[in-house]
Amino acid sequence: MKYYTSTTEFNCGIDLHARQMYVCVMDRQGKKLVHTNIKNNDFSFFLKLIQPYRHDLTICCECMFGWYWLSDACQAAGLTFVLAHALYLRAIHGGKNKNDRIDSEKITHLLRSNLIPPAFVYPADKRPLRALLRQRLFFVWNRSELLARINSHQLAHNRVPPKQSRSNRDPWETALLVAEDHPIRQIALKNDLAMIRHYDHQITQLEEELKRLTRKTLARDYSLLQTVPGIGENLGLTILCEIGDIERFPTVKNFLSYCRLVKGTVASAGKIKGLRGGKLGNPYLRWAFGEAAVIAKRDHHIIGPLAQSLEARMGGNKFKANTVVAIKLARGVFFMLKNKTVFDPDRLVKSLSKV
């Protein structure tokens with residue numbers, strides 16, 4: 001765990017909510033200078049409260065759903081803003097009593113004591129593109145749920161699900177409706193099919209717009225990623241937007257940890273007791289590299305056999321084998337984006353052969 005080092009004379013901790021924020025300002029010695037609740041998140045009133053201290057002030061709040069506006073407002077006002085990692089922070093400042101007043105004071109104490117675990121403040125100008133990409137993923141996952149439900153419905157009535165093509169769903173829809181003879185179940189099936197059609201239309205439009213915007217701003221990195229086996233246009237979009245600036249990761253280990261591809265260990269008295277932290281990091285990157293590993297195993301003429309032999313050495317554990325391939329792909333992506341080089345399949349083959 002890494003901590004933020006505050007260098008200012010005054011520190012401000014904010015317990016932020018949707019309609020209010022509890023503010024605490026302290027000096028270096030821990031003396032409380034401001035400790036009050038601000039209704040309706042009135043940032044103008046907040047600036048008046050901290051006016052005597054804003055010349056040498058650091059502001060910190062916990063990473064929750066509504067921090068975007070506060071980060072942007074602090075940046076516009078020329079104030080230093082730190083985003084605290086919510087899960088790590090909870091582990092540090094837990095106590096018997098908990099309320100907004102106590103939380104804001106504890107955040108301030110941790111900030112002035114250099115014990116704030118920082119989270120990455122994603123640049124405001126890049127957030128809209130990332131939000132649009134995550135909207136596409138949300139639509140794709142919802143469509144997958146509908147398709148899986150239709151498939152399960154066919155199996156529940158002892159029918160072989162007809163083959164489908166994403167480019168032309170007409171034959172698949174016709175076969176489904178012909179096989180379903182119950183009028184009420186036909187209504188339910190038509191509703192699901194209509195929603196799938198709508199998702200198809202929206203996803204296609206989103207993908208075209210996302211590709212256009214990405215080629216306009218990140219054309220070089222976008223082209224580099226598509227040289228990696230298993231990473232196409234859509235996965236390349238996800239990886240690029242979720243990474244942001246690759247320079248924020250000092251080492252490949254930091255990058256793999258952020259991608260949820262490695263876990264931490266729990267050790268005591270020199271013995272490893274178990275693993276932890278599997279859900280710390282970016283879930284979208286974990287999903288993207290997992291998908292890339294599956295596609296690379298399926299489509300690449302060299303990676304496929306190597307992954308199969310790796311799976312056999314792991315006792316048939318497909319999940320572990322896929323994770324190893326995903327880790328190797330992520331390592332390659334890290335160095336590609338760092339050095340601006342194309343993917344080297346020979347190095348991947350050598351690293352998989354050594355596992």
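The values are calculated or read from the model by the stated rules, or taken from the named source; none is laboratory data. These numbers were taken from a predicted model, which means no experiment stands behind them. No Cβ is skipped: glycine too gets one built from the backbone with ideal geometry, and neighbour counts run over all protein chains shown. Calculation scope for accessible area: heavy atoms of the full protein, side chains included, ligands and nucleic acids excluded. Shrake-Rupley method; radii C 1.70, N 1.55, O 1.52, S 1.80 Å.
Some observations on this one:
- Of GLU209, GLU247, GLU242, all but one fail to be surrounded by 15 or more Cβ atoms within 10 Å (Cβ to Cβ) and acidic (Asp, Glu); the exception is GLU242.
- PRO162 being closer than 30 Å to MET21 by Cβ and open to solvent by less than 50 Å² (accessible area, probe 1.4 Å): no
Yes/no per residue for (1) more than 23 Å from ASP42 (Cα to Cα); (2) in contact with a Phe, Trp or Tyr (Cβ under 6 Å, 6 or more places away or on another chain); (3) modelled with pLDDT of 90 or more:
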site: HIS93; (1), (2), (3): yes, no, no
site: THR108; (1), (2), (3): no, no, yes
site: ARG112; (1), (2), (3): yes, no, yes
site: PHE120; (1), (2), (3): yes, no, yes
site: ALA124; (1), (2), (3): no, no, yes
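- Flag for ALA288 being more than 19 Å from the chain's Cα centre (by Cα) and either part of a helix (DSSP H, G or I) or modelled with pLDDT of 85 or more (or both): no
- Near pairs, Cβ below 7 angstrom, 6+ apart or cross-chain, from region 332-344 (at negative phi) to any residue that is of a type in the set (Ser, Thr, Tyr): VAL342/THR227; PHE343/THR227
- Residue match in region 258-267 (condition: hydroxyl-bearing (Ser, Thr, Tyr), farther than 27 Å from THR204 by Cβ and in contact (Cβ under 8 Å) with a residue 24 or more places away in the chain): yes
- Where helices (runs of 4 or more DSSP H) sit wholly within region 88-191, those with at least 2 residues that are within 30 Å of ASN11 (Cα to Cα) occupy 100-112.
- Here is the figure for region 78-87: residues that are at pLDDT below 95, open to solvent by less than 60 Å² (accessible area, probe 1.4 Å) and outside any strand (DSSP E or B) total 2.
- Count of region 128-146 residues which are free of Cβ contacts under 8 Å to residues at least 60 places away in the same chain and loosely packed, with under 15 Cβ neighbours inside 10 Å: 7
- Taking the listed residues GLU242, GLU247, the one that is of a type in the set (Asp, Glu) and under 16 Å from GLY290 (Cβ atoms) is GLU242, with no other qualifying.
- Residue in region 280-335 that is most open to solvent (accessible area, probe 1.4 Å), counting only those that are more than 14 Å from GLU242 (Cβ to Cβ) and aromatic (Phe, Trp, Tyr): PHE319
- Residues in region 250-277 that are modelled with pLDDT of 90 or more and either surrounded by fewer than 11 Cβ atoms within 10 Å (Cβ to Cβ) or at negative phi (or both): PRO250, THR251, VAL252, LYS253, ASN254, PHE255, LEU256, SER257, TYR258, CYS259, LEU261.
- Residues of region 206-233 satisfying the condition of being part of a loop (DSSP other than H, G, I, E, B) and in contact (Cβ under 8 Å) with a residue 60 or more places away in the chain: THR227, VAL228, PRO229, GLY230, ILE231, GLY232
- From ASN339, ASN322, residue being more than 20 Å from the chain's Cα centre (by Cα) and closer than 30 Å to HIS85 by Cα: ASN339
- Flag for GLY236 being assigned to a loop (DSSP other than H, G, I, E, B), open to solvent by less than 40 Å² (accessible area, probe 1.4 Å) and small (Gly, Ala, Ser): no
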